[in-house]
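This report concerns only the one structure given below.
The values are calculated or read from the model by the stated rules, or taken from the named source; none is laboratory data. What you see is a predicted model, and the numbers here were worked out from it, not measured in a lab. Ideal geometry is used to build each Cβ from the backbone, glycine not excepted, and the neighbour counts take in all protein chains shown.
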C-alpha cells in the first residue's frame, strides 16, 4: 500500500463546497435500506420473513432496485446485473423498476419459486394481468403494497397494508425518497503518477449527511489524461453506485475494474430531501501501485 500526494479542486454543487485530495482498504457492498429493527422486513404467509437489509446489497435509486434480499427459500434477486451470481442479464434480463416517483414495477427472481411481480392490473409487460396491485415508496422512504408470486402468493411490504401493526410491526424503508433533489459533480482527471498503472482501492468522503440523504460515487479510469472516460459502479456498469454508509467511512472499490491505469476521474452524486442536503467537504480516493 502506498500513500500518494494530494491534488485538490474546489467546486460548488447545490450550494455545497467540494474538494478532492488523495493518499487504502477490502471489497464490500452498499445498501440504502434501513437497518432499523422493524424497518427492513417484508412478509409472506408461505415463506415467512424476507430481509432487505442483511445481505447488504439492496439499493433503491431513481431508476430501480438493485441487489438481492434474503429469505428462507434463498436470495430474491431484484436486478439481473447484481444477482447473487453476478451479471446474468445476457441470459435473463429483468429488474424491479422505479419510475422516479416511488412507483415500482417489473420483476424480481427466486430460484425456488420463480418470478415475483411488483405491479399488476395494467395489462402491460411490467404490470401484467387484471388484478390491480403495486409496491410503492412514499415521501418518507417507506414501502407500501404487495408483490405477487404464482407459487407463494402475496408478499406484504408494510403491516399498515392490512392493519396488523398492533400485533406485528414491520415494513421496508429506504433512505431514497422520491422528492429528493439530485445533483452531480464530475471531477477533473487525476494523475496517480504511476506510469505502470495504479490500483484504486477505496473512496471516502468528509462532511455531513442528514437522515434520508445519500452520497454516491462512480469511477472511470484511463491510461491517457484525455480519456476515454467510462464511469461505472461496483458491477462495471453505469447503473450502480458506490454508496458509503456514512461520512469518514472508507468504501472499497471493485479492484478488477480500476487496476493498472494511471489516470482516474469520479462522479459524485448528492441526493437531498426537501428539507436536508448532504455537505461534502472532501473526497479521499486511496490507491496503491
Members of segment 128-143 found to be at negative phi and not in a strand (DSSP E or B), listed by number:
128, 130, 131, 132, 135, 138, 139, 140
Can you name every residue in segment 113-127 that is part of a loop (DSSP other than H, G, I, E, B) and surrounded by 14 or more Cβ atoms within 10 Å (Cβ to Cβ)?
113, 118, 122, 126, 127
Let me spell it out: the conditions are (1) modelled with pLDDT under 95; (2) within 12 Å of residue 147 (Cα to Cα); (3) crowded, with 19+ Cβ neighbours inside 10 Å, and residue 131 meets all of them except one. Which number is the exception?
(3)
Taking segment 85-105 as the search range and keeping residues that are over 12 Å from residue 136 (Cα atoms) and not in a loop (DSSP other than H, G, I, E, B), which one is farthest from the chain's Cα centre (by Cα)?
86
Looking only at segment 144-169, filter to residues that are in a loop (DSSP other than H, G, I, E, B) and modelled with pLDDT of 95 or more; which one of those is nearest to residue 285 (Cα to Cα)?
157
From the residues in segment 11-38 that are more than 23 Å from residue 251 (Cα to Cα) and under 22 Å from the mean Cα position of the chain (by Cα), which one is modelled with the highest pLDDT?
38
For residue 212, are the conditions met, namely being buried (at least 21 other Cβ atoms within 10 Å of the Cβ) and either in the same structural domain as residue 61 (by TED's automatic domain parsing) or not in a strand (DSSP E or B) (or both)?
yes
Taking the residues in segment 218-244 that are assigned to a strand (DSSP E or B) and more than 20 Å from residue 86 (Cα to Cα) as candidates, determine which candidate is nearest to the chain's Cα centre (by Cα).
220
Just to be sure, is residue 65 modelled with pLDDT under 90, surrounded by 20 or more Cβ atoms within 10 Å (Cβ to Cβ), touching a strand residue (DSSP E or B) at 6+ places or on another chain (Cβ under 9 Å) and outside any loop (DSSP other than H, G, I, E, B)?
no
Among the residues listed as 190, 171, the single one being under 22 Å from residue 106 (Cα atoms), in contact with a strand residue (DSSP E or B) (Cβ under 6 Å, 6 or more places away or on another chain) and surrounded by 14 or more Cβ atoms within 10 Å (Cβ to Cβ):
171
Assigned by TED's automatic domain parsing to the domain that holds residue 269 and surrounded by fewer than 21 Cβ atoms within 10 Å (Cβ to Cβ): is that true of residue 234 in this structure?
no
Counting only residues in segment 39-62 that are more than 18 Å from the chain's Cα centre (by Cα) and part of a strand (DSSP E or B), the one surrounded by the most Cβ atoms within 10 Å (Cβ to Cβ) is identified as 50
